[in-house]
1. Please enumerate the residues belonging to segment A:47-67 that are open to solvent by 10 Å² or more (accessible area, probe 1.4 Å) and either acidic (Asp, Glu) or not in a loop (DSSP other than H, G, I, E, B) (or both).
2. Residues being surrounded by fewer than 18 Cβ atoms within 10 Å (Cβ to Cβ), in a strand (DSSP E or B) and out of contact with any Ser or Thr (no Cβ under 8 Å at 6 or more places or on another chain): count how many of those fall in segment A:1-46.
3. Can you name the number of the only condition in (1) in contact with a helix residue (DSSP H, G or I) (Cβ under 9 Å, 6 or more places away or on another chain); (2) farther than 20 Å from A:GLN72 by Cβ that A:SER19 fails?
4. Pairs please, first residue from segment A:6-20 and among the small types (Gly, Ala, Ser), second anywhere and surrounded by 15 or more Cβ atoms within 10 Å (Cβ to Cβ), Cβ atoms under 6 Å, 6+ apart in sequence or on different chains.
5. Looking only at segment B:43-66, which residues are of a type outside the set (A, V, I, L, M) and buried (at least 22 other Cβ atoms within 10 Å of the Cβ)?
6. Scan the strands (runs of 3 or more DSSP E) fully inside segment B:30-116 and keep the ones with 2 or more residues being touching a strand residue (DSSP E or B) at 6+ places or on another chain (Cβ under 7 Å) and more than 20 Å from A:PRO40 (Cα to Cα).
7. In segment A:68-94, which residues are within 14 Å of another protein chain (Cβ to nearest Cβ) and open to solvent by less than 10 Å² (accessible area, probe 1.4 Å)?
Amino acid sequence: QQQVKQSPQSLIVQKGGISIINCAYENTAFDYFPWYQQFPGKGPALLIAIRPDVSEKKEGRFTISFNKSAKQFSLHIMDSQPGDSATYFCAASENRSGGGADGLTFGKGTHLIIQP
Amino acid sequence: DVKVTQSSRYLVKRTGEKVFLECVQDMDHENMFWYRQDPGLGLRLIYFSYDVKMKEKGDIPEGYSVSREKKERFSLILESASTNQTSMYLCASRFRGLAGLEYEQYFGPGTRLTVT
């Protein structure tokens, strides 16, 4: 059972455009939703994260929109640049244990290409 | 800077061999994780550890075991390697912090394991 569904699998955006990646989750106990960025040959790195008590979080050109009732969240990259070309993963976790949550459940990833 | 290092970037082993993948973090993090990454499947959690000598199964623990004898080191063991364990293996660590809060997972660069 895939708990976090991510789309699209791949995305091509022109330089300066807006890149949008969507995720949907099933487990209503999830309470932390990060996005990770991965460049070839590197491990994933945290890009931005949100908790369900807010509907939007913005950091520079990156924005997470969160819709709790629809169980969906999305990543928007404004003014997309060639350096943003990477694989993006959404993820989710629930805090079941005191002192920290369990491991992350990841989406399958989106391969983003920004064309110059 | 947080640093998570993995003992090998590339590893080739034969079917039936016992394989050890080592991960070391230098930030005194309590939590450590092992994921495997496969094209089109994203990252999947194999095992995690809350603290020294503590371990919990993730989503796909079959065929794997782990060891955490020291806080900074988390080992993934393939008891008898099989070809379906050919994959990229990623280690991560995280500060445990306070209950109800989530802290960033820091990933190593990965070990690409090929089982022939």
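The values are calculated or read from the model by the stated rules, or taken from the named source; none is laboratory data. All values reported here derive from a predicted model rather than from experimental measurement. Because the Cβ atoms are built from the backbone with ideal geometry, glycine has one as well, and the counts that use them run over all protein chains shown. The area values use the complete protein model at the heavy-atom level, side chains included, leaving out ligands, DNA and RNA. Shrake-Rupley method; radii C 1.70, N 1.55, O 1.52, S 1.80 Å.
1. A:LEU47, A:ALA49, A:ASP53, A:GLU56, A:LYS57, A:LYS58, A:GLU59, A:PHE62, A:THR63, A:SER65, A:PHE66, A:ASN67
2. Going through segment A:1-46 one residue at a time, the tally reaches 4.
3. The number of the failed condition is (2).
4. Here the result reads A:SER7/A:ASN22; A:SER10/A:HIS111; A:GLY17/A:SER80; A:SER19/A:VAL13; A:SER19/A:ILE77; A:SER19/A:SER80; A:SER19/A:LEU112, each pair linking segment A:6-20 to a residue that is surrounded by 15 or more Cβ atoms within 10 Å (Cβ to Cβ).
5. Result: B:TYR47, B:PHE48.
6. Qualifying strands (runs of 3 or more DSSP E): B:31-38, B:42-49, B:64-70, B:73-78, B:87-94.
7. Once the filter is applied, which keeps residues that are within 14 Å of another protein chain (Cβ to nearest Cβ) and open to solvent by less than 10 Å² (accessible area, probe 1.4 Å), segment A:68-94 yields A:ALA86, A:TYR88, A:PHE89, A:CYS90, A:ALA91, A:ALA92, A:SER93.
Matching residues to (1) more than 9 Å from chain A (Cβ to nearest Cβ); (2) small (Gly, Ala, Ser):
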position: B:ILE60; (1), (2): yes, no
position: B:TYR64; (1), (2): yes, no
position: B:SER67; (1), (2): yes, yes
position: B:LYS71; (1), (2): yes, no
position: B:PHE74; (1), (2): yes, no
position: B:GLU79; (1), (2): yes, no
position: B:TYR89; (1), (2): yes, no
position: B:ARG96; (1), (2): no, no
